[in-house]
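Report on the following structure.
No value in this document is a laboratory result; all are computed from the given coordinates. Here the structure is a predicted model, which is why all the values come from computation and not from measurement. With ideal geometry, Cβ positions are generated from the backbone for all residues, glycine too; neighbour counts draw on all protein chains shown.
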Amino acid sequence: MIVKDVRCLRVGVLGCGPIAQAAHLEAVRKARNAELYAICDVADELRERMKAVHQPRVSYREYEVMLADPEVEAVIIATADAFHVEAARAAIEAGKHVLVEKPLGISVESCRELRDIAARAGIVAQVGNNRRFDPGIAFARRFITEEIGTRISIKVWYHDSLYRYTMTDNLQPIPIASESSRRPPGNPKADRRRYYLLTHGSHLVDTARWLGGPIAGVRARRLERFDAFCWFISVDYEDGTLGHLDLQIPVRGDFQEGFQVFGEGGSVEGRVHLPWFHKSSDVEGFSARDRQYRRVLGEDAHTYKLQVEGFAATILAEKPLVGATFDDGLAAVQTLVAIARSVETGEFVRLADAIGEV
């Protein structure tokens with residue numbers, strides 16, 4: 001049984017499409033300190049279906065009208081990537097706290113401008129990198145800080161499986177679509193190189209930064225064979241640590257996401273599960289101090305729910321922001337742009353020089 005706090009953050013969700021249906025609507029309803037106060041979508045039949053299922057207090061067709069509602073304290077942006085920046089800007093200008101589904105945007109310049117607008121507004125602005133709320137990955141970050149100390153190498157990989165969608169279809173609610181939904185011009189999924197970087201590379205890059213710190217630059221290669229795509233990315237971290245990122249879609253095998261970190265005081269490695277299992281990553285850390293391995297016990301791992309709870313706690317209880325900031329979102333997009341430019345040129349690309357769109 002879900003027990004709600006006396007004071008809950010009143011949240012409005014923009015977009016009733018796939019990611020809202022699979023993650024955000026349920027996450028807000030299950031979060032102990034948040035209330036699904038409003039939903040908004042231009043597709044009337046889709047909005048009405050989601051209203052019947054999730055029972056917000058109010059629903060809106062026009063985003064501007066939802067933003068004008070004084071009862072809405074925060075907005076979750078669950079739209080297509082191309083609409084993230086403009087929707088987040090409108091929420092910020094309306095004085096609403098905002099959680100934007102990753103990636104923050106599709107160009108360095110628009111993300112930088114949005115970051116600056118949010119900073120001046122003084123609102124809580126978060127990017128939806130839900131892996132940060134995986135108890136296993138949170139344990140790994142603490143272990144790196146407390147036990148490993150100076151790092152020498154970091155490897156992070158993300159292998160989406162050819163067969164993964166069978167599992168996903170079993171785990172997620174049956175998606176409901178509408179021909180009236182607002183869509184970006186053309187078909188963003190048609191350019192799969194770009195689509196895979198934005199959709200899956202966002203997770204890879206944020207985990208690499210969350211565990212390893214700021215990235216200075218990258219050298220990337222891409223290979224395409226038998227309708228599969230492989231990126232091998234050499235990373236220079238700002239602290240001198242060497243990194244390797246591996247993005248492959250799809251692999252003929254099981255879904256794999258994981259990391260290895262080696263340092264002066266020990267090492268840590270982990271295997272990350274599909275988030276729809278709501279299962280903590282399998283993570284094990286070795287401390288050279290006492291020559292002991294440590295493993296995180298199974299915990300609540302509904303990362304989308306925990307993400308909302310962390311967001312709400314920052315607003316209501318003034319707790320430190322655990323989720324990705326807009327600075328993190330900007331750095332992630334810069335990294336993705338740098339990867340794309342490095343593939344094109346064959347050269348090492350500094351993040352400071354990365355401009356334009358992914």
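Taking every DSSP helix (H) stretch of at least 4 residues in the chain, weighting each as -39,500 (n - 2.57) and dividing the sum by the residue count yields a mean residue ellipticity at 222 nm of -9500 deg cm²/dmol.
Using Cβ contacts closer than 10 Å as the measure, can you line up I76, I92, I315, I339 from fewest to most?
I315, I92, I339, I76
Within the chain, what is the longest stretch that has no GluC sites (Glu not before Pro) placed in a DSSP loop and near at most 15 other beta-carbon atoms within 10 Å? Looking at the chain, 72-178 is the longest stretch - no exposed GluC sites (Glu not before Pro) with at most 15 other Cβ atoms within 10 Å. First obtain the Kirkwood hydrodynamic radius of the chain from its Cα pairs, then insert it into the Stokes-Einstein equation at 25 °C and 0.890 mPa s, and state the resulting D in µm² per second as a whole number. In µm²/s, the coefficient is 117.
If you take all C-alpha pairs in region 9-130, what percent of them are over 25 Å apart? The answer is 16 percent, as a whole percent. Farthest towards the positive end of the charge dipole of the chain, among the residues V58, A140, A118, is the Cα of A140, using unit charges on the Cβ of Lys, Arg, Asp and Glu.
The phi torsions of region 194-202, fed into the Karplus equation with coefficients 6.51, -1.76 and 1.60 and a -60° offset, translate into couplings of 6, 4, 5, 4, 5, 7, 9, x, 4 Hz, rounded to whole numbers, with Gly and Pro shown as x.
Compared with the dominant principal axis of the Cα atoms in the chain, helix 108-121 is inclined by about 60°.
Could you tell me which trypsin sites (Lys or Arg not before Pro) in region 259-358 are loop residues by DSSP with no more than 11 other beta carbons within 10 angstrom of their beta carbon?
Loop-located and lightly packed - R289, R291.
Per residue, the average separation of C-alpha pairs within less than 8 Å and at least 6 apart gives region 1-55 a relative contact order of 41 percent. Each Lys and Arg Cβ is given +1 and each Asp and Glu Cβ -1; about its Cα centre, region 1-156 then shows a dipole of about 680 debye. Sorting T325, T335 from the fewest to the most surrounding beta carbons within 10 angstrom yields T325, T335. Counted by neighbouring Cβ atoms within 10 Å, the residues H84, H97, H200 run from fewest to most as H200, H97, H84.
DSSP assigns beta bridges within the chain; of those with both partners inside it, close to 60 percent run antiparallel. Within region 3-99, the trypsin sites (Lys or Arg not before Pro) that combine a DSSP coil assignment with at most 16 other C-beta atoms in a 10 angstrom radius are K4, R7, R32, R57, R61.
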